[in-house]
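Here is the structure we will look at.
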Amino acid sequence: MLRVALIAPPGGGKGTQAAMMKEHFGLVHIATGDIFRAIVRGEYKGNMDVEMIKGYMARGELIPDQVVIDLVVERISQPDCAKGYLMDGFPRTVEQAKAFDAIDPSKRLTHVLYLRVPREVILDRLLGRWTCPTCQAVYHEKTHPPKVAGICDVDGTALIQREDDKEETILKRLDIYEKQTMPLISYYRDAKILTEIDGNATIYDVFSQIKEVLSA
Ligand code: AP5
């Protein structure tokens, strides 16, 4: 059974690859960023401090570990996750990883895929990103454009740019990634479940590498 996490910098291609992996491997896709954006839009049931979450996201900062851990633990306890899942954006800190490892061993991660993407390509990727607010499909105006400019291929919704995709916020998210998320690479390398993927290739070449690892 596959229980996979994707680690990559902001704009590293987690959401793009997750959509393809979900389709190919039939995994449940759990994207913490999408869940928090749904909470901010008032579309998620449960007791959440919406203003607090909105503030962290707008500043490009990580939401406190315990809030994230409670949300993810609750999500993977739902029946659809019994056959495996794909984490996109979790864990983001060693504290989150340790808390996740402390839960039921039958729910622990089997694979962690680290998409290596150099800092210098990230700005281009995020400043050109367009997202569907309805189905969360992700496009790029140059490398992965929709068939009709500004319109989602899947459901015809008008595409939007994310609030946190401003240059200043992107640079801050990158700094936070390097300080708080990069230590996870050695954490999972030590646990012998980490595979490095060259994330600075075409979307389809990255996906081929992922398929090779997960099909082995
Ligand atoms: P989140 O939504 O997870 O944002 P992120 O990690 O910054 O990652 P992105 O969604 O920006 O990028 P991506 O890697 O998915 O890249 P994409 O596929 O879109 O988190 C947002 C916020 O939520 C956080 O800042 C934090 O506040 C909070 N949060 C979430 N999880 C949390 C946690 N666990 N703990 C605490 N806080 C949390 O690709 C980007 C663009 O590049 C697209 O346009 C795409 O078309 C293009 N592209 C993708 N791959 C390629 C390629 N190979 N070649 C060329 N272009 C490509």
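Throughout, read-outs are computed from the coordinates displayed, never taken from laboratory work. Everything quoted here is computed from the prediction, not taken from an experiment. With ideal geometry, Cβ positions are generated from the backbone for all residues, glycine too; neighbour counts draw on all protein chains shown.
With N denoting the number of residues in the range 1-53, provide Rg(C-alpha) divided by 2.2 N^0.38 Å, to two decimal places.
1.33
Of the complete DSSP H runs in the chain, none spans 27 angstrom or more by Cα along the long axis with a mean Kyte-Doolittle score not below 1.0. Cα centroids of the range 128-158 and the range 55-81: 26 Å apart. Using the Cβ-Cβ distance between Ile203 and Glu74 with R0 = 30 Å, the FRET efficiency computed as 1/(1 + (r/R0)^6) comes to roughly 0.40. Principal semi-axes of the equivalent ellipsoid, √(5λ) from the alpha carbon gyration tensor of the range 97-216, are 29, 18, 16 Å from largest down. Here Lys107 is the anchor, and the aspartates and glutamates within straight C-alpha reach of less than 13 Å, apart from those fewer than 8 places off in the same chain, are Glu74, Asp80. For a straight C-alpha distance cut-off of 13 angstrom, the aspartates and glutamates reachable from Lys147 (same-chain residues fewer than eight places away being disregarded) are Asp155. If you wrap the range 145-216 in the convex hull of its Cα atoms and look at it from every side, the mean projected area works out to 7.4 nm². Using C-alpha pairs below 8 Å separated by at least 6 residues, the relative contact order for the chain is 30 percent. Within the range 2-215, DSSP assigns beta bridges of which about 25% are antiparallel (rounded to the nearest 5).
Restricting to DSSP H runs of at least four residues, report the calculated mean residue ellipticity at 222 nm for the chain, -39500 (n - 2.57) per run over all residues, nearest 500 deg cm²/dmol.
That calculation yields -12500 deg cm²/dmol at 222 nm.
Between Asp124 and Val148, the modelled label-to-label distance comes to 3.0 nm, taking each label 7 Å out from Cα in the direction of the beta carbon. Over the range 90-150, the alpha carbon radius of gyration divided by the compact-protein estimate 2.2 N^0.38 Å works out to 1.61.
Every Cα-Cα pair of the chain was included, and the share exceeding 31 Å stands at 14 percent. Taking Cα centre as origin and charging only the Cβ of basic (Lys, Arg, +1) and acidic (Asp, Glu, -1) residues, the dipole magnitude of the range 2-215 rounds to 260 debye.
Evaluating kT/(6 pi eta Rh) at 25 °C and 0.890 mPa s, with the Kirkwood radius of the range 1-125 over Cα pairs in the Stokes-Einstein relation, gives 161 µm² s⁻¹.
Note on the range 54-93: Cα-only Rg and Dmax are 12.0, 36 Å.
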